[in-house]
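Notes follow the structure.
The values are calculated or read from the model by the stated rules, or taken from the named source; none is laboratory data. Please read all numbers here as calculations on a predicted model, not as lab measurements. Reconstructed Cβ throughout: ideal geometry from the backbone, glycine too, with neighbour counts over all protein chains shown.
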Amino acid sequence: MSLTGMFFLFVIYKICKKMYYMFEVVMKFKVISEDEMYVEALKKYYEKHYKERLSMYFGDEDVDAIIICDDSLRHLYEQEHTLVFSDQNQVMTHQIMKYQSGKDFIEFIESIHETDLSGHSPFRTYGFVNGVSCSGATVISLNLAEYLSQKGRTLWFSLEEVPSTQYYLERKSGLSMTDVLFYLIHDPEKLKSRLHEWSNDSFLFLDQVENIHDLSQMTIELLNVLMVILEDVGFSNIVIDFGNRTEWIDKIQMYKKNICLLQSLNHFYRFQFNYKHKNLDVYQVVINRACNNIKAHESVLKMVNHLNYLEEDKEITGKKWQSKMLQHTLVKHLNLK
């Protein structure tokens, strides 16, 4: 292709990209802080990298936008949606971390929806399945649930026979999958009442079955009934670790379906899974870089998509399912905004 042709295609690409972001941008943000150096640094980064993608203003300009300001300035603004600089990112309580990098700050702003700011989130279900044992579906799904709990009330549970719940979470919730199955079969309305009375924590989980044979009672039909009940009682996000039960995740409707693979067996298991299920296109693929001879619960922090590898999160020494680094990668990989 000639240089003229390449230049023409580049110009078309830039125009299309600009038009895309013109239609994509819905919310406007205004950053106000007494720390002028920090605001100026954010402004320079924004104008260099994100000016075409976001509508952001810096300083107290006269523009109708979502305010991001110091807590000491919040009383000056009566807008319904005001984010306050804090020591953590938590949209549901209208807090946003201060002094993080410009990249992290603006990527977080990009991930915010009007539904988040209004305190309402759509009901969504996420499923994870192992392409082969010890691919890391449990820790990956727990990390996603931990992240989603900042957006809305989230429930995580496992349909594996392996007793991984108590191993990773190191506690019990007081409501087991055995209880849920009993009520689903005999009295669904009682289950709804029980869930209403349950804890109001933003992140909840079901204890695994008390006897592995109890899982034989679970069917696709019962699982679908459970999803309806969970939406009715006010959950925003349901995250399920299906383990190797690919036949269930194939048949149930999920917002995101994920298959976790070991890198060393990546191509083989992709082929095997695709051959058996014929629908790999509906799955997001998450690849575990860990070697087979490393304990899974210590290595699954290397679970990422095939375009963006990460090393182990050195800051996490105990609870591997609370890795902010891994959660950040998952959010990007699953395109959760």
Inset, instruction - Mind listing whichever residues of the range 95-107 are surrounded by 17 or more Cβ atoms within 10 Å (Cβ to Cβ) and touching a strand residue (DSSP E or B) at 6+ places or on another chain (Cβ under 8 Å)? - result: Gln95, Ile96, Lys98, Phe105, Ile106
Inset, instruction - Determine whether Lys17 is assigned to a helix (DSSP H, G or I), among the charged types (D, E, K, R), closer than 26 Å to His328 by Cβ and modelled with pLDDT of 85 or more. - result: no
Inset, instruction - Return a yes/no flag: does the range 128-150 have any residue that is free of Cβ contacts under 8 Å to residues at least 12 places away in the same chain, surrounded by 15 or more Cβ atoms within 10 Å (Cβ to Cβ) and either touching a Leu at 6+ places or on another chain (Cβ under 8 Å) or in the same structural domain as Phe203 (by TED's automatic domain parsing) (or both). - result: no
Inset, instruction - Those residues that are in a loop (DSSP other than H, G, I, E, B) and of a type outside the set (Lys, Arg), I need them from the range 53-62; list them, please. - result: Leu54, Gly59, Asp60, Glu61, Asp62
Inset, instruction - Quick one: which helices (runs of 4 or more DSSP H) lie wholly within the range 172-277 and hold at least 2 residues that are modelled with pLDDT under 90? - result: 188-197, 246-251, 266-277
Legend entry - Qualifying positions in the range 173-215 - among the basic types (Lys, Arg) and surrounded by 13 or more Cβ atoms within 10 Å (Cβ to Cβ): Lys192, Arg194
Inset, instruction - Determine whether Gly127 is closer than 22 Å to Leu195 by Cβ and assigned to a loop (DSSP other than H, G, I, E, B). - result: no
Inset, instruction - Within the range 39-52, identify whether any single residue is on the phi < 0 side of the Ramachandran plot, in a strand (DSSP E or B), among the hydroxyl-bearing types (Ser, Thr, Tyr) and at pLDDT 90 or above, and answer yes or no. - result: no
